[in-house]
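What follows is one structure encoded as structure tokens, with my remarks underneath.
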Amino acid sequence: MQDIRWKALWLGLATIFSCLVVWAATDAMTALLAFSAIVLLYLVSHLYWLHQLLQWFKKPELNTMPVGSGIWEDVFSAIYYEKRRSNRSQAQISSALDRFRHAASALPDGVVLLNGNDQIEWCNPTAESQLGLSMRQDAGQPITYLVRPIDFIQYLQEQNYSEPIKLKSWRTTGATLEIQLVPFGSNQKLLISRDISQMEKLETMRRDFIANVSHELRTPLTVVGGFLETLTDMEGAVPESTRAYFGMMQEQTGRMRRLIEDLLTLSQLENSPEAPQESEIDLGTLLNMLLHEGISLSQGKHEITLEPVEPGLFIKGATEELHSALGNLVSNAVRYTPASGKINLRLFLRGKDVLFSVQDTGIGIEQQHIDRLTERFYRVDRSRSRETGGTGLGLSIVKHILTRHQGRLEIESEAGKGSTFTAVLPQSRLVRKPAPESAATAA
């Protein structure tokens, strides 16, 4: 480009010099006419090639590029090379795009590209099959015109895409789709749909198997336990030499019965997607009940305290479920805290949440175990869990109950120093009522 500017400068100087020569060789009028003719010819030449350039831009193809003359030859040459480089880059981009589309078309998951207005820009054949789309007919259409379930529309509007949602297929009976949106670029989104029907069937079979087996085992275990208890209580029925064995059988039968009860509880929670029947629970009464249960389980071996609870606080939820979840946290603290240890129960507010924490000075948990504590049958120390009567299902039950109440479980622990288990519930479930006069007077 710099060479072209220099050539233009030299051409202009040459034209002026020629005009001066003509001026010196002839009279003034002739020189003026010659100068005008030369300038006019110079301008006409530029206008002609400029017109040729504009005409070429209407259909810019390399094989129709003008050749030009003088400085315009260099201009057309520069444009030619730039156009050829642009064509190569465009060909590379088109090739990469074609490879991406071929790869996306081969994916077993549905892929839909949405623009900033949630309109369909592109989709693969799997998405057409799963979501009922047609690339030819639906390109440019808002996705909400074609994917109509209320849950999906709410998911799209809330703009919280950290977790996928599950939808029953409106095209295939009995099929279940998992859909997740992934934001990228300038307000664009990638919709990914996956058919999880087989996984759902396997999960249902697993839940049904556990529920049926647990239900079938409960009756014979109850009968065996009852006979063992009866024989143990009957004078002379069990020789003293074998009484210790009967005690061990009773202990193991009781442990199996607790395991069966926890399995049934967990199965009921998993098989009940509907929201639990809720009522307003007096938090002061519930926490005092948990305190007394903890003291009874401890049998005086621990120092258990409850920080004062503000009167008139109620929580909306299922009474039995929340009692079970919070009671499990208290009983765990008692089981895993050595004698003379301290356990503190506390209810407090944090931001938009209501928190119930159980802090103990027990054996603590190493960090690598914390993320797996809510898994079924996961135990940090299997031998200690058996000694304390744990089934490995308690925290899994707690997690399910809190999830059904839009809550979560937070765990903080340090090996050898103790743990803090906190049940977190949204403050929207909290109800404040005027405290009774007796409570207010006592306070």
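Can you give me the ranges of the strands (runs of 3 or more DSSP E) entirely in the stretch 79-189 with at least 3 residues that are open to solvent by less than 80 Å² (accessible area, probe 1.4 Å)?
110-114, 120-123, 176-184
Of everything in the stretch 247-305, what is of a type in the set (Val, Ile, Thr) and part of a helix (DSSP H, G or I)? Give them in sequence order.
Within the stretch 247-305, 253, 260, 265, 285, 295 qualify.
If I filter the stretch 347-363 down to residues being hydrophobic (A, V, I, L, M, F, W, C) and assigned to a strand (DSSP E or B), which single residue comes out as nearest to residue 412 (Cα to Cα)?
Here the residue is 358.
Rundown of residues vs (1) closer than 18 Å to residue 420 by Cα; (2) open to solvent by 50 Å² or more (accessible area, probe 1.4 Å); (3) more than 33 Å from the chain's Cα centre (by Cα), yes/no style:
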| site | (1), (2), (3) |
| --- | --- |
| 263 | no, no, no |
| 281 | no, no, no |
| 296 | no, yes, yes |
| 301 | no, yes, yes |
| 305 | yes, yes, yes |
| 312 | no, no, yes |
| 325 | yes, no, no |
| 341 | yes, no, yes |
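Looking at the stretch 329-345, which of its residues are in contact with a strand residue (DSSP E or B) (Cβ under 9 Å, 6 or more places away or on another chain) and closer than 16 Å to residue 295 by Cβ?
329, 330, 332, 333, 334, 337, 340, 341, 342, 343, 344, 345
Write out, first by first residue and then by second, each pair whose Cβ atoms fall under 8 Å of each other, whose residues are 6+ apart or on separate chains, and whose first residue, in the stretch 35-59, is modelled with pLDDT under 75 while the second is open to solvent by 60 Å² or more (accessible area, probe 1.4 Å).
Taking only residues 6 or more apart or on different chains, the pairs are 35/23.
Applying the selection to the stretch 306-335, what residues are under 16 Å from residue 358 (Cα atoms), charged (D, E, K, R) and in a helix (DSSP H, G or I)?
335
Is there any pair linking a residue in the stretch 297-312 that is touching a residue at least 24 places away in the same chain (Cβ under 8 Å) and within 18 Å of residue 430 (Cβ to Cβ) to one that is open to solvent by less than 70 Å² (accessible area, probe 1.4 Å) and part of a loop (DSSP other than H, G, I, E, B), with Cβ under 6 Å and at least six apart or on different chains, and which?
311/435; 312/435
Every residue in the stretch 190-235 that is open to solvent by less than 60 Å² (accessible area, probe 1.4 Å) and of a type in the set (D, E, K, R), please.
200, 207
Going by what's in this entry, would residue 402 be described as under 28 Å from residue 319 (Cβ atoms), open to solvent by less than 20 Å² (accessible area, probe 1.4 Å), modelled with pLDDT of 85 or more and in contact with a helix residue (DSSP H, G or I) (Cβ under 8 Å, 6 or more places away or on another chain)?
It is true that residue 402 is under 28 Å from residue 319 (Cβ atoms), open to solvent by less than 20 Å² (accessible area, probe 1.4 Å), modelled with pLDDT of 85 or more and in contact with a helix residue (DSSP H, G or I) (Cβ under 8 Å, 6 or more places away or on another chain).
For the stretch 236-258, enumerate the residues that are aliphatic (A, V, I, L, M), open to solvent by less than 50 Å² (accessible area, probe 1.4 Å) and out of contact with any Phe, Trp or Tyr (no Cβ under 6 Å at 6 or more places or on another chain).
237
Can residue 62 be described as more than 43 Å from the chain's Cα centre (by Cα), in contact (Cβ under 8 Å) with a residue 12 or more places away in the chain and exposed (fewer than 14 other Cβ atoms within 10 Å of the Cβ)?
Here the answer is yes, as residue 62 does meet what is asked.
The values are calculated or read from the model by the stated rules, or taken from the named source; none is laboratory data. Given the structure is predicted, the values throughout are model-derived calculations rather than measurements. Heads up, the Cβs are rebuilt from the backbone with ideal geometry, glycines too, and the neighbour counts pull from every protein chain shown. Areas reflect the complete protein model, heavy atoms only, side chains present, ligands, DNA and RNA absent. Shrake-Rupley method; radii C 1.70, N 1.55, O 1.52, S 1.80 Å.
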